[in-house]
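Trainee: One structure, as structure tokens, below. Some questions next.
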Number of protein chains: 2
Amino acid sequence: MIGTVAGSAAMYHAMTSLGLASESRYKGPIRLEGDPKGASVLVLGAGLAGMTSALELRKAGYTVQILEFNGRPGGRNWTLRGGDTFTELGGHKQLCEFEDGLYLNPGPWRIPYHHRALLDYCRRLGVALEPFNQLNHNALLHSVRAFDGKPQRLRAVKADFQGQIAELLAKVTQQGKLDETVSKEDQEILLQALRSWGALDNGYGYKANLISAEFRGYTRDPGGGLTAMPEPSEPVGLSEVLKSRLWRYLRGFAHYNFQTTMFQPVGGMDMIGKAFAKEVGDLIRYNAKVTQIQQDARGVTVSYVDAKHPGAVQQVHADWCVCTIPLTILSQLPLDVSAAMKSAIDAVPYAASVKIGLQFKRRFWEEDEAIYGGISYTDLPIRQIAYPNYHYNRAGRGVLLGAYLFDGPNSYEFTAMSPAERVARAVEFGAVIHPQYKSEFENGIAVAWHRVPFVLGCSGDWSDETRAAHYNNLCQIDGRIVLAGEHASALPAWQEGAILSALDAIGRLHDRVVRT
Amino acid sequence: MIGTVAGSAAMYHAMTSLGLASESRYKGPIRLEGDPKGASVLVLGAGLAGMTSALELRKAGYTVQILEFNGRPGGRNWTLRGGDTFTELGGHKQLCEFEDGLYLNPGPWRIPYHHRALLDYCRRLGVALEPFNQLNHNALLHSVRAFDGKPQRLRAVKADFQGQIAELLAKVTQQGKLDETVSKEDQEILLQALRSWGALDNGYGYKANLISAEFRGYTRDPGGGLTAMPEPSEPVGLSEVLKSRLWRYLRGFAHYNFQTTMFQPVGGMDMIGKAFAKEVGDLIRYNAKVTQIQQDARGVTVSYVDAKHPGAVQQVHADWCVCTIPLTILSQLPLDVSAAMKSAIDAVPYAASVKIGLQFKRRFWEEDEAIYGGISYTDLPIRQIAYPNYHYNRAGRGVLLGAYLFDGPNSYEFTAMSPAERVARAVEFGAVIHPQYKSEFENGIAVAWHRVPFVLGCSGDWSDETRAAHYNNLCQIDGRIVLAGEHASALPAWQEGAILSALDAIGRLHDRVVRT
């Protein structure tokens, strides 16, 4: 498949000449020109960074091997389905009991439109994509401290915030309070804009009428035949809108990383890892737990044991090494690198994150509440309830993401629980938002990333200070070793970061090989 | 299929008790209780209103027939694919030359999440749905009078409008100009909200930095490895934002009718009409052009001729008639109804609308510009360019909606052209937005609804005055005749309006039959 799709070169030329280009760092398929003269590369880790490296290096003429800790490709590119088991650090083993066709992506679960490298690999590798719905106007925003704890429709919160802001600014404009800073002509246009965008009436008021209802929704929708006329709903006042603090969720939907159009692979995120493995699977030694990484002037020697039945230490030798092992684990290994790189490896903590998948007897969120995909947000410890973006409008079972935690204390609390307790808590809290949980819940599975043996955390959690001090040292080629992975990117936790870091690393590695 | 899906009754109970219900007029599958004692109903038109009526009336025990003008079911629920031909009023015949799998929906093309009746029929009839992407942050907004005619990314327009509005209101707040109307406590929260939602910096300014770039996009995206750090982009100033008038497109994305999550049937909108026809196809006489509708105290007699080979007039008699013939055509037929209903039928003009589908050699909007689905807006005569919401990220050909006109003069102008000229103009104007049109265009097809023989317009175009004077008269049962269709609803042009009007009409008809 690779390289057979026409038009990639033409495409990036067109992007640039249009001036409308995606501003991605990805400039199309990497070209590793020049003869590596049979040089060998050992890749550590068969996640997306490792498999991207292996795929492109083999294509460029290198002899490539991959050592992978897990018994499957993909790393954090991972999907749990019925029949899968997962044993976390501490020994708790879970069996996933989801119905056939339903799944949880414990790791990455969405792909922004501007992640051009990942999308190009999906295209070249034939991974079918479907939309991931981040913003659902009919999903819920919930705070235990607002509206007596009753969830609000996102559309109403959004319309009321915009409407009240617009009315406030329109009033100020009409009172002449902008005269010093905004021209009269612009003030006129501003009033038009506020009226249009804020759903204001002719008097620039945001009120209960069919204008505001066209955005926040109706008490009674328009219908057909006799008695078909709609009835408007009642907007929430400025003070209550502000004090609810539900406005804080609105920014997320406009964030570059979460803007429409987002994608997910049809059938689960691991379809990407599997597609890569179709290309490079023959290079991967699975269940290989790396125990030591040595290098000298002539090459790299990596020791490993069988991860499932640790016994005799085995060794692989290669001219070069692309190491994608997460820093949490790499920092614990004997490793021959410079003090600067070692300091960098030791400097980056990994974010805590917990995801909990819950299966229900029926898709009540769609059937009862017309919520199709997207995410409800709450200040309850579960933080989010994400509805499946597949099998829309079908009868039968469904799997929700019943909790997605990623801030510190909250995640640590859930990480400390047993998996069964995590699931029970997710059901308990979720029932506050959706009372149907109580009668419809069937089973669940919980992944706390700090307890996931192959990564011991969710992703590299760089602070500005750490990045300033260590990032460049982490990314330099150190002798015959170069690191790659989301931790070696400015896109932590994103698959695009893993791929771009790999392309950058192997590009520099190849330059060095060809030049020396 | 119908009625075999469990849970519909439970579902609507749950909706009500939650207080989170969709405010739809649809209360679940209609229950026509009581024995119609063999009464017969003649349904005129096999669009969604007609087929809904036929399906439910037969189920309730009626003897049902349908007369349909076209040689296919669905009416405006219609999809054009390669090999299809279409002859418009005036005699121009077009052959659709789209590649297999590509299509144009000349009529309805999207389904809002709150169109509960339509979604329930899709579910009961097994019509697979996929998301229709209305809002694409990476699509373009374009005005010939703004930014030297250069299209702007929607995300940038949105971020800049919000940012500038937020900065303006924050300044006013800090200057104490809200002190009379907003409490100090609320002002504090307002400032926090404006900063969060408007992407303001610590000083409440909207500036070129990594805060605004997180919404409007970067000059250089974050990358991987060395030199991975992002570079912010330059926001547009308040005055230019306002004068561009591109803000006027923002409201549409938040409109109740166009909010996420929207749907389209997988494979084309006519999958719905076809699914209905699987249920009621045996009742339909196709190519039947109604020429007269008579009624007396005992029943209804409808005369028709073969639409393709008009010859001898034939007649059908039934106890009752549900007439879904568009008012444009019904107003021209001899029809025995009250003066009040006749006036109503004559009172409603039909909206003009033109849709043009264009096939291109490759999906350059995705490949070159990272635009996946959604709609670009322009003040050029084409008004919109809508990108296909299927086959995302695939290599190969694609079909755009190259023009969607629905305001008067503009639509009339295109309606007056020959189909070939419409297509040529769509390509010419579209090339202003996407220069790739010139080298990539292959073929197109244009549907001007005022020239579509079976409806002579897009949909019933009610004014408030016309509705006040005539709507109830249009919807009353007149002797043995009742009208249905989107024109007999408060949801003109929407399929939901057609179905809800049919359910309302047959409900009242059934009451009368059972009571008499």
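Trainee: Here is a list of conditions, (1) at pLDDT 95 or above; (2) out of contact with any helix residue (DSSP H, G or I) (no Cβ under 8 Å at 6 or more places or on another chain); (3) surrounded by fewer than 22 Cβ atoms within 10 Å (Cβ to Cβ), and A:L191 meets all of them except one; can you say which number that is?
Mentor: It is condition (2) that A:L191 fails.
Trainee: Scan region B:25-36 and report the pairs whose first residue is in the same structural domain as B:L509 (by TED's automatic domain parsing) and free of Cβ contacts under 8 Å to residues at least 12 places away in the same chain and whose second residue is polar (S, T, N, Q) and open to solvent by less than 40 Å² (accessible area, probe 1.4 Å), with Cβ atoms within less than 8 Å and a gap of 6+ or a chain change.
Mentor: Within 8 Å, no pair qualifies.
Trainee: Take region A:313-341 and flag every residue that is open to solvent by 70 Å² or more (accessible area, probe 1.4 Å) and either under 13 Å from A:L42 (Cβ atoms) or at pLDDT below 95 (or both).
Mentor: Within region A:313-341, A:Q314, A:Q315, A:H317 qualify.
Trainee: Next up: Looking at A:T291, is it within 17 Å of A:P453 (Cα to Cα), open to solvent by less than 60 Å² (accessible area, probe 1.4 Å) and within 14 Å of chain B (Cβ to nearest Cβ)?
Mentor: Taking the combined requirement at face value, the residue does not satisfy it.
Trainee: Given the condition within 10 Å of another protein chain (Cβ to nearest Cβ) and within 28 Å of A:G497 (Cβ to Cβ), answer yes or no: does some residue in region B:239-251 qualify?
Mentor: For region B:239-251, residues within 10 Å of another protein chain (Cβ to nearest Cβ) and within 28 Å of A:G497 (Cβ to Cβ): absent.
Conditions (1) within 14 Å of chain B (Cβ to nearest Cβ); (2) of a type outside the set (A, V, I, L, M, F, W, C), marked per residue:
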position: A:F86; (1), (2): no, no
position: A:Y103; (1), (2): no, yes
position: A:Y113; (1), (2): yes, yes
position: A:L119; (1), (2): yes, no
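Trainee: In region B:363-383, what residues are open to solvent by 10 Å² or more (accessible area, probe 1.4 Å) and free of Cβ contacts under 8 Å to residues at least 60 places away in the same chain?
Mentor: Those that are open to solvent by 10 Å² or more (accessible area, probe 1.4 Å) and free of Cβ contacts under 8 Å to residues at least 60 places away in the same chain: B:E367, B:P381, B:R383.
Trainee: Can you find, within region A:499-511, the residue that is nearest to A:P112 (Cα to Cα) among those that are among the small types (G, A, S) and open to solvent by less than 10 Å² (accessible area, probe 1.4 Å)?
Mentor: A:S501
Trainee: In the list B:P230, B:P222, B:P235, which residue meets the criterion of being within 18 Å of B:V157 (Cα to Cα) and either among the charged types (D, E, K, R) or buried (at least 19 other Cβ atoms within 10 Å of the Cβ) (or both)?
Mentor: Criteria check complete, one pass: B:P235.
Trainee: Contact list please: Cβ distance under 6 Å, first residue in region B:215-234 and more than 7 Å from every other protein chain (Cβ to nearest Cβ), second residue small (G, A, S), pairs at least six apart or on different chains.
Mentor: Cβ pairs passing all conditions: B:R216/B:A156; B:R216/B:A159; B:R216/B:S233; B:P232/B:A208; B:P232/B:A213; B:S233/B:A213; B:S233/B:G217; B:E234/B:A208.
Trainee: Just to be sure I understand the filter: pairs with C-beta atoms under 9 Å, separated by 6 or more residues or on different chains, first member in region A:117-130 and not assigned by TED's automatic domain parsing to the domain that holds A:I499, second member outside any loop (DSSP other than H, G, I, E, B) and of a type in the set (F, W, Y). Which pairs pass?
Mentor: If the second residue must be outside any loop (DSSP other than H, G, I, E, B) and of a type in the set (F, W, Y), the pairs left are A:L119/A:F263; A:Y121/A:F276; A:C122/A:F263; A:L125/A:F276; A:V127/A:Y121; A:L129/A:F263; A:E130/A:F263.
Trainee: A follow-up question, please. Limited to region A:331-341, what total is found for residues that are in contact with a strand residue (DSSP E or B) (Cβ under 7 Å, 6 or more places away or on another chain) and either assigned to a helix (DSSP H, G or I) or hydroxyl-bearing (S, T, Y) (or both)?
Mentor: The qualifying residues number 2.
Trainee: So which residues in region B:411-448 are more than 21 Å from B:G82 (Cβ to Cβ), in a helix (DSSP H, G or I), within 14 Å of chain A (Cβ to nearest Cβ) and open to solvent by 20 Å² or more (accessible area, probe 1.4 Å), if there are any at all?
Mentor: Within region B:411-448, B:V432, B:K438, B:S439 qualify.
Trainee: In addition: Do the conditions hold for A:A166, that is, is it free of Cβ contacts under 8 Å to residues at least 40 places away in the same chain and more than 28 Å from A:Y113 (Cα to Cα)?
Mentor: Considered against the rule, which asks whether it is free of Cβ contacts under 8 Å to residues at least 40 places away in the same chain and more than 28 Å from A:Y113 (Cα to Cα), A:A166 comes out as no.
Trainee: While we're on this one: Please give the number of the condition A:L483 fails out of (1) closer than 17 Å to A:K342 by Cβ; (2) surrounded by fewer than 24 Cβ atoms within 10 Å (Cβ to Cβ).
Mentor: Failing condition for A:L483: (2).
Trainee: What tally of residues in region A:32-65 results from selecting those that are in contact with a Lys or Arg (Cβ under 7 Å, 6 or more places away or on another chain) and within 30 Å of A:Y103 (Cα to Cα)?
Mentor: Qualifying residue count, region A:32-65: 1.
Trainee: From the list B:G28, B:G101, pick out the single residue that is at pLDDT 95 or above and either part of a loop (DSSP other than H, G, I, E, B) or open to solvent by 40 Å² or more (accessible area, probe 1.4 Å) (or both). If you could, list the steps in order and put the result at the bottom.
Mentor: Details: B:G28 fails: at pLDDT 95 or above.
Only one candidate passes the filter, namely B:G101.
Trainee: Have a look at A:D100, A:D84 and point out the one that is in contact with a Cys (Cβ under 7 Å, 6 or more places away or on another chain), in the same structural domain as A:Y377 (by TED's automatic domain parsing) and over 30 Å from B:E369 (Cα atoms).
Mentor: Exactly one of A:D100, A:D84 is in contact with a Cys (Cβ under 7 Å, 6 or more places away or on another chain), in the same structural domain as A:Y377 (by TED's automatic domain parsing) and over 30 Å from B:E369 (Cα atoms), namely A:D84.
Trainee: Which residue out of A:Y256, A:Y204 is in contact with a helix residue (DSSP H, G or I) (Cβ under 9 Å, 6 or more places away or on another chain), surrounded by fewer than 23 Cβ atoms within 10 Å (Cβ to Cβ), within 9 Å of chain B (Cβ to nearest Cβ) and of a type in the set (F, W, Y)?
Mentor: Just one listed residue meets the conditions, A:Y256.
Trainee: While we're looking at this one, here's another question. Since B:P235 meets every condition but one in (1) modelled with pLDDT of 95 or more; (2) within 32 Å of the chain's Cα centre (by Cα); (3) of a type outside the set (F, W, Y), which condition does it not meet?
Mentor: (2)
Trainee: In addition: Within region B:463-509, track down each residue that is closer than 15 Å to B:W320 by Cβ, among the hydrophobic types (A, V, I, L, M, F, W, C) and not in a helix (DSSP H, G or I).
Mentor: Once the filter is applied, which keeps residues that are closer than 15 Å to B:W320 by Cβ, among the hydrophobic types (A, V, I, L, M, F, W, C) and not in a helix (DSSP H, G or I), region B:463-509 yields B:I477, B:I481, B:V482, B:L483, B:A484.
The values are calculated or read from the model by the stated rules, or taken from the named source; none is laboratory data. Note that the structure is predicted; figures quoted are calculated from it, not measured. Positions of Cβ are backbone-derived with ideal geometry, glycine not excepted, and every protein chain shown enters the neighbour counts. We work out accessible area using only protein heavy atoms, side chains counted, and drop any ligands, DNA or RNA first. Shrake-Rupley method; radii C 1.70, N 1.55, O 1.52, S 1.80 Å.
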